[in-house]
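Derivation of every value follows stated rules applied to the coordinates shown; laboratory data play no part. No experiment lies behind these values; they were computed from the predicted model shown. Methodologically, a virtual Cβ is constructed for each residue, glycine included, from the backbone with ideal geometry; neighbour enumeration extends over all protein chains shown.
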Amino acid sequence: MLKRLSAIVFVSLMGASAVHAEALRAVDVTKFDVAGVKTGMDYDEVVKAITTHFNVPASALQVDKYPQDNPVTGNKQPKFVGYEKEGVKLQVYFEGRVPVDAQHPLAASMITYELPWSTANKEAMEKAAVEKYGPASNAPYSTPMVWCKEPGKQAGMACSSTTRQAVLQLSNTALKLDDPVWTEARIKFMDSKQTRTPGF
């Protein structure tokens, strides 16, 4: 009788775990935008998206004043562009596009959007995020809220950074959309340039 009861409890727990795992929402965040900007956009597309979203001229944007040599393009390219007004700040970071594309040399790899801290702003950000992106992958957790395509099986550990996937994260009043595929592509590109044929 005890063995049978134990088996029933075990099966029940397994069933509960399965339901819990199925409850985690999987979503492709590379289709999401932050203030009109999506990862993978080139520099000009990002500028157009920002100016359209905030209804400002390109001259109002904060641009990288000291561009460095980009290891992919081989010439100087901006690392970021952004916009800030009254404490509301948007920043977009770029990687050299791989495969190399002379017409579209850069790709947006990370986007951040932030409001000044206050309890009201935190609550407003959480509400706006759910309205725009749908329930978080780790709902009902909210510190932080995360969205991703492969959330895993436990809400408390959803969208772990070890999975190396695109993740949208809202922590208090800071929103970040990060797609590591562009950084990884740049690293592999640079590594391939070091390839040599042994001649000993």
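To one decimal place, what orientation-averaged projected area in nm² is obtained for the convex hull of the Cα set of region 133-175? Before the final figure, lay out the partial values.
On the way: hull surface 11.5 nm².
It is 2.9 nm².
Taking the Cα atoms only, what angle lies between the long axis of helix 2-23 and the longest principal axis of the chain, rounded to 10 degrees?
30 degrees
If I model a spin label as a point 7 Å beyond the Cα along the Cα-Cβ vector, how far apart are those points for Asp33 and Thr197 in nm?
Inter-label distance under the simple model: 4.9 nm.
More than 29 Å apart: what percent of Cα pairs in the chain qualify? Before the final figure, lay out each step's value.
Details: 7522 of 19900 pairs.
Considering the chain, 38 percent of its Cα-Cα pairs are separated by more than 29 Å.
Taking the 0 to 90 degree range and rounding to the nearest ten, how far is the long axis of helix 119-133 tilted relative to the main principal axis of the chain, both from C-alpha atoms?
That works out to roughly 90 degrees.
Ignoring everything except DSSP H segments at least 4 long, calculate the 222 nm mean residue ellipticity for the chain; use -39,500 (n - 2.57) per segment, divide by total residues, nearest 500.
Taken over the chain, the calculation gives -10000 deg cm²/dmol.
If I fit a long axis through the Cα atoms of helix 43-54 and take the longest principal axis of the Cα atoms of the chain, what angle between them do I get, 0 to 90°, rounded to 10?
70 degrees
If I stretch the segment between Val56 and Tyr141 completely, what's the gain in nm (0.36 nm per residue apart, minus their alpha carbon distance), one decimal? Spell out each step's value before the answer.
Values: separation 85, 0.36 × 85 = 30.60 nm, distance 3.58 nm.
Taking Val56 through Tyr141 to full extension adds about 27.0 nm, to one decimal.
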